[in-house]
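The structure appears right after this line, and notes come after that.
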Amino acid sequence: MSKKGGTKVALIGNPNSGKTTLFNLLTGLNQKTGNFPGVTVDKKLGQSKLPNNETIQVIDLPGTYSIYPKTLDEQIVQDVLLDKSHPQHPDKIIVVADAANLKRNLLLFSQIRDLGIPAILVLNMIDIAKKRQLNIDQRALGIDLGVKVVATNSHNGEGIAELKEALSKPLLSPRKPFYEVHELAPTVIKEIKSKFDLDHNYQAFQYAQQADHLSFLDLEAIEAIASIKALNGFDPTATQLAETLHRYESLAHIIERNVKTPANEGLTLNQKIDKIVTHKVFGYLIFIALLMLIFQAIFAWSEGPMDLIEGSIASATDWVKSVLPEGVLNDLITDGIMAGLAGVLVFIPQIAILFAFISLLEESGYMSRAVFLMDRLMRGVGLNGKSVVPLISGMACAIPAIMATRTIDSWKDRLITIFVTPFMSCSARLPVYTILIGLVVP
């Protein structure tokens, strides 16, 4: 039964599965999409009207690879799904999977399914799967997974009408779980289900696995779960590993039965690009060349607009000085307000050019490849591959650069990057460095 506020439908899927684009098609909104992990770092809300005239609330949750969170944005998914009292706890779930990468995407679906929340599986980007000559038997796949399967192409809206039609009908939870975790920890699951009045074994299993990370559990509940685990010798790492391996094994058989691939399948365009831009030698050369291009643009191409801004403000200042009589008001406007504006506005061309390049790199998918490429190098100095993006952004402005660190998985790496970013040099800091050197160095 729907909770107060109408039926809530959550959109969940791996990063870059087209989830946010699908959300835009369902709701008519215009959320930002991108290829870089962590673009959706908070849940987005919208409304959609179904064929039966019912209006549902659609919740776009952050992209996640598994129900086990590794980042702050993935933690949002966990809290929303496991906390029944959460304002956005869904009545139904749309699990969005990349049709061309089902083996990787279906792990999350199998976990969501076992939580007992009614779900629909959307095979998005079906056009790419067809280009790769992947023949997916939707009906048989739906029978094997025990779920309604809808194929969509979020770029042109194909399949959206069928998805809305499916949402307008009742969805039943499967009676049998995809993978029965009860045998991994029978006593622990039984006791947690009884104590917290949970309906499904997998919900209790997640309480046992992640009690310390569930924000809706109080200290007493966390201690009670810890006591149950200690008394029964529950090993979170071993049980999670066993669960994941069994799920992948089952999914491999299902995909083999229902997805037929061409016999002479070669490398895809993305794989060919990956071989070049992540190469041990050429990858770094391409990265350095791109950085040189970006900084050449920032410091050379921006000279014209910067000179124009400086000249315009200087002309305006001279005109104001000639119009107003000498005095405090004249000095306030010309030497105070207008000079201050000049000091800020003159850097707009450089910042605009930098963020234009970063946007291009993100939208083209190169930024994700750069993160992978730079990870080993950055690890050598105690940072993360994802630290590259904030550090490059810090060349323009430290504030959005520090905001960009939220995509870094490790809390320690994120904090180090935040502390290092303000030390990245930019044009605005050069005068400050000059003044400090003049004060400190004799």
- Item | Count of segment 180-201 residues which are assigned to a loop (DSSP other than H, G, I, E, B) and open to solvent by 80 Å² or more (accessible area, probe 1.4 Å) | 2
- Task: Hey, could you check segment 301-316 for residues that are under 23 Å from SER393 (Cα atoms) and open to solvent by less than 40 Å² (accessible area, probe 1.4 Å) and say which is nearest to the chain's Cα centre (by Cα)?
- Result: SER302
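Output the number of residues of segment 317-328 satisfying the condition of being assigned to a helix (DSSP H, G or I) and surrounded by 11 or more Cβ atoms within 10 Å (Cβ to Cβ).
Narrowing segment 317-328 to residues assigned to a helix (DSSP H, G or I): 317-323, 328.
Among the residues that remain, those that are also surrounded by 11 or more Cβ atoms within 10 Å (Cβ to Cβ) are: 317-321.
Number satisfying all stated conditions: 5.
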- Tell me, please, whether a residue that is within 30 Å of GLN206 (Cβ to Cβ) and in contact (Cβ under 8 Å) with a residue 12 or more places away in the chain can be found in segment 277-293. no
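List the helices (runs of 4 or more DSSP H) that sit entirely inside segment 385-442 and contain at least 2 residues that are more than 27 Å from VAL346 (Cα to Cα) and open to solvent by 60 Å² or more (accessible area, probe 1.4 Å).
Details: elements: 388-393, 398-403, 411-420, 430-440.
It comes to 411-420.
Listed here are the residues, each with its yes/no results for (1) surrounded by 11 or more Cβ atoms within 10 Å (Cβ to Cβ); (2) assigned to a loop (DSSP other than H, G, I, E, B); (3) of a type in the set (S, T, N, Q).
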site: GLN210; (1), (2), (3): yes, no, yes
site: PHE216; (1), (2), (3): yes, yes, no
site: ILE222; (1), (2), (3): yes, no, no
site: PHE234; (1), (2), (3): yes, yes, no
site: THR237; (1), (2), (3): no, no, yes
site: ALA242; (1), (2), (3): yes, no, no
site: ARG247; (1), (2), (3): yes, no, no
- Would you check if PHE205 is touching a His at 6+ places or on another chain (Cβ under 9 Å), more than 26 Å from THR20 (Cβ to Cβ) and of a type in the set (A, V, I, L, M, F, W, C)? yes
- Picking from ILE288, ILE273, ILE298, which residue would you name as being buried (at least 16 other Cβ atoms within 10 Å of the Cβ) and assigned to a helix (DSSP H, G or I)? ILE298
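Would you point out which residue out of LEU214, LEU171, LEU163 is in contact with a strand residue (DSSP E or B) (Cβ under 6 Å, 6 or more places away or on another chain) and modelled with pLDDT under 90? Spell out how you get there, then give the answer.
Details: LEU214 fails: in contact with a strand residue (DSSP E or B) (Cβ under 6 Å, 6 or more places away or on another chain); LEU163 fails: modelled with pLDDT under 90.
None of the other options fit; the residue is LEU171.
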- Selection over segment 137-166 where residues are hydrophobic (A, V, I, L, M, F, W, C) and assigned to a strand (DSSP E or B) yields a count of 3
- MET374 within 24 Å of the chain's Cα centre (by Cα) and open to solvent by less than 50 Å² (accessible area, probe 1.4 Å): yes
- Quick check: is even one residue across segment 328-345 more than 30 Å from THR71 (Cβ to Cβ), of a type in the set (Asp, Glu) and out of contact with any strand residue (DSSP E or B) (no Cβ under 6 Å at 6 or more places or on another chain)? yes
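For the subset of segment 117-136 comprising residues that are assigned to a loop (DSSP other than H, G, I, E, B) and open to solvent by 40 Å² or more (accessible area, probe 1.4 Å), which member is nearest to GLY13 (Cα to Cα)? Steps first, please.
If we filter segment 117-136 for residues that are assigned to a loop (DSSP other than H, G, I, E, B), which is where we start, we get 117-118, 125, 132-134.
Applying the additional criterion that residues be open to solvent by 40 Å² or more (accessible area, probe 1.4 Å) yields 132-133.
On the way: ARG132: 21, GLN133: 23 Å.
Applying the filter and picking the extreme gives ARG132.
Confirm whether GLN57 is assigned to a strand (DSSP E or B) and open to solvent by 20 Å² or more (accessible area, probe 1.4 Å).
Working: assigned to a strand (DSSP E or B): yes; open to solvent by 20 Å² or more (accessible area, probe 1.4 Å): yes.
Yes: the conditions hold for GLN57.
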- Message: List pairs: first residue in segment 225-249 and touching a residue at least 12 places away in the same chain (Cβ under 8 Å) and within 20 Å of SER194 (Cα to Cα), second residue open to solvent by less than 60 Å² (accessible area, probe 1.4 Å) and not in a helix (DSSP H, G or I) anywhere in the structure, Cβ distance under 6 angstrom, at least six positions apart or on different chains.
- Response: PHE234/ALA185
- Item | Residues located in segment 82-116, provided they are open to solvent by 20 Å² or more (accessible area, probe 1.4 Å), part of a helix (DSSP H, G or I) and either without any contact (Cβ under 8 Å) to a residue 24 or more places away in the chain or out of contact with any Pro (no Cβ under 9 Å at 6 or more places or on another chain) (or both) | LYS103, ARG104
- Note on the structure: Within segment 319-352, residues being of a type in the set (Ser, Thr, Tyr) and in contact with a Pro (Cβ under 7 Å, 6 or more places away or on another chain) number 0
- Note on the structure: Within segment 195-212, residues without any contact (Cβ under 8 Å) to a residue 24 or more places away in the chain and farther than 16 Å from VAL181 by Cβ come out as ASP197, ASP212
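Hey, could you check segment 137-179 for residues that are of a type in the set (Val, Ile, Thr) and open to solvent by less than 30 Å² (accessible area, probe 1.4 Å) and say which is nearest to ASN24 (Cα to Cα)? Explain how you work it out, then say what you get.
So the first thing to find is which residues in segment 137-179 are of a type in the set (Val, Ile, Thr), and the list is 143, 147, 149-150, 152, 160.
Among the residues that remain, those that are also open to solvent by less than 30 Å² (accessible area, probe 1.4 Å) are: 147, 149-150, 152, 160.
Numbers: VAL147: 24, VAL149: 20, VAL150: 17, THR152: 14, ILE160: 11 Å.
This residue is ILE160.
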- Restricted to segment 132-180 and to residues being in contact (Cβ under 8 Å) with a residue 60 or more places away in the chain and of a type in the set (S, T, N, Q), the residue nearest to THR7 (Cα to Cα) is SER168
- Message: Being over 28 Å from ILE358 (Cα atoms), assigned to a helix (DSSP H, G or I), at pLDDT 90 or above and not charged (D, E, K, R) narrows it down to one residue among ILE313, ILE254; which is it?
- Response: ILE254
- Task: Out of the residues in segment 344-356 that are at pLDDT 80 or above and open to solvent by less than 40 Å² (accessible area, probe 1.4 Å), state the one that is nearest to ILE286 (Cα to Cα).
- Result: ILE353
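The values are calculated or read from the model by the stated rules, or taken from the named source; none is laboratory data. Nothing here was measured: the structure is a model prediction, and the numbers come from that model. Note: ideal-geometry Cβ built from the backbone for every residue, glycine included; neighbour counts use all protein chains shown. These accessible areas exclude ligands, DNA and RNA; they are computed on the full protein's heavy atoms, side chains included. Shrake-Rupley method; radii C 1.70, N 1.55, O 1.52, S 1.80 Å.
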